[in-house]
1. For residue 23, work out the one condition from (1) in contact with a helix residue (DSSP H, G or I) (Cβ under 7 Å, 6 or more places away or on another chain); (2) closer than 25 Å to residue 121 by Cβ; (3) in a helix (DSSP H, G or I) it doesn't fulfil.
2. Select from region 366-395 the residues that are within 19 Å of residue 430 (Cα to Cα) and either modelled with pLDDT under 90 or outside the structural domain of residue 434 (by TED's automatic domain parsing) (or both) and list them in ascending order.
3. With surrounded by 11 or more Cβ atoms within 10 Å (Cβ to Cβ) and over 30 Å from residue 232 (Cα atoms) as the only criterion, which of 197, 177 stands out?
4. Residues 14, 95, 88: which one is surrounded by 12 or more Cβ atoms within 10 Å (Cβ to Cβ) and under 30 Å from residue 162 (Cα atoms)?
5. Hey, among 408, 436, 444, which residue is modelled with pLDDT of 70 or more, in contact with a strand residue (DSSP E or B) (Cβ under 9 Å, 6 or more places away or on another chain), assigned to a helix (DSSP H, G or I) and crowded, with 18+ Cβ neighbours inside 10 Å?
6. From the list 313, 342, 317, pick out the single residue that is farther than 19 Å from residue 430 by Cα, touching a helix residue (DSSP H, G or I) at 6+ places or on another chain (Cβ under 6 Å) and not in a helix (DSSP H, G or I).
7. Out of (1) out of contact with any strand residue (DSSP E or B) (no Cβ under 6 Å at 6 or more places or on another chain); (2) in the same structural domain as residue 44 (by TED's automatic domain parsing); (3) under 20 Å from residue 24 (Cβ atoms), the odd one out for residue 174 is which?
8. Condition (residue is part of a helix (DSSP H, G or I), within 19 Å of the chain's Cα centre (by Cα) and surrounded by 15 or more Cβ atoms within 10 Å (Cβ to Cβ)) applied to region 204-212: is it met by at least one residue?
């Protein structure tokens, strides 16, 4: 059974039961009140007659049955007897009869003393109220019987019941019609929510219920639509993440596999040949060690980026040693481009993952060098700050528009695709930088002006990290 049908049936039953019970109680109460008043009137009329007869017996010296009968005849003539039937009789004969004697169809018990017997009867002549009592006549008791007509009271009740049944039927029909309309109006919004939920479950995430009302359905609709918005955002984000990861894995592997293999193979070949030239041997050792470091770093980055590994093993590293190493390693590249590297690093040690931070600085310097077309300066700065350290790389290159600075940390995004491809760029450097910064719970920001250069600021707050595990200095 649908909710609409349940609501219709429940509303109709509620109206039927409520109106039926209320009407029945009202008619019954009204009839009981009328019947009670009619009985009081009957007893009052009966008592008037009996009291008159008893007064005759009190004030007359000689009381006989004929005197009482005459008194009743006079009262009848005056219209003082408000009873349908009145019968005065002795044990052996009837002394007075008003109305049809046959209307008294039941024999009531004779009461003791001055009390009366009474009963409501229903016969072919209608409804009546029978009253029986005694009147003292000398040394005998006379029987005084009466019938009071109650037919009008019962007929009135019957008319009221018939009218009520008609009204009741009309109310039920209208109640059913109104309940159908109300249930349709109430369930219309519920059906809208159901249809929207069904479409969303079917894959159409753009569907919204969009119910504008100031009731619970409106609030439910608003919450449902907000949930659908978040669901759509999360699914879209998941799809983008999956696409980004797939693209990253393919492009990253393609960009790094060939140079890594060449560097490691060539360096290994040089080592095995045992050339006597110490400089070439040193260069080969450097190529080999850097190749292995690059291989180690690539797998570590893949593990961190693809497996979302959040824990890092940090150790204290001297900032000046780190920056000197990076500057020395990048000096030949800068010299080839006729770019001057300037390093300004303060003293002190900071917690970090050394391989990742080296990669971070290498990538920042590499991007800065690529931004300078011919001659120029790259300034590398390192400084301790409360809770961590700051890295700044500033170049005097061509700069970029403000809207580009928002996108450059996306994987494989290139400001100038043709130039980057010619320079061997894969669009991964700043994406890796951003991830390294996130893993160190830091921030990276860009300030650039076209024709004036770019300044990249990285702040890493590693001292506040709760998962710091200091490694041995020889690891």
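1. Of the numbered conditions (1) in contact with a helix residue (DSSP H, G or I) (Cβ under 7 Å, 6 or more places away or on another chain); (2) closer than 25 Å to residue 121 by Cβ; (3) in a helix (DSSP H, G or I), the odd one out for residue 23 is (2).
2. The answer is 366, 367, 368, 369, 370, 371, 372.
3. Values: 197 fails: over 30 Å from residue 232 (Cα atoms).
Of 197, 177, the one residue that is surrounded by 11 or more Cβ atoms within 10 Å (Cβ to Cβ) and over 30 Å from residue 232 (Cα atoms) is 177.
4. Details: 95 fails: under 30 Å from residue 162 (Cα atoms); 88 fails: under 30 Å from residue 162 (Cα atoms).
Going through 14, 95, 88 in turn, just one is surrounded by 12 or more Cβ atoms within 10 Å (Cβ to Cβ) and under 30 Å from residue 162 (Cα atoms): 14.
5. Details: 408 fails: assigned to a helix (DSSP H, G or I); 444 fails: assigned to a helix (DSSP H, G or I).
From the options 408, 436, 444, the qualifying one is 436.
6. Numbers: 313 fails: touching a helix residue (DSSP H, G or I) at 6+ places or on another chain (Cβ under 6 Å); 342 fails: touching a helix residue (DSSP H, G or I) at 6+ places or on another chain (Cβ under 6 Å).
Only one candidate qualifies: 317.
7. In the conditions (1) out of contact with any strand residue (DSSP E or B) (no Cβ under 6 Å at 6 or more places or on another chain); (2) in the same structural domain as residue 44 (by TED's automatic domain parsing); (3) under 20 Å from residue 24 (Cβ atoms), residue 174 misses (2) alone.
8. Residues of region 204-212 part of a helix (DSSP H, G or I): none.
The answer is no; no qualifying residue exists.
The values are calculated or read from the model by the stated rules, or taken from the named source; none is laboratory data. These figures come from a predicted structure and were not determined experimentally. Cβ coordinates were reconstructed from backbone atoms using ideal geometry, including for glycine residues, and neighbour counts include every protein chain displayed.
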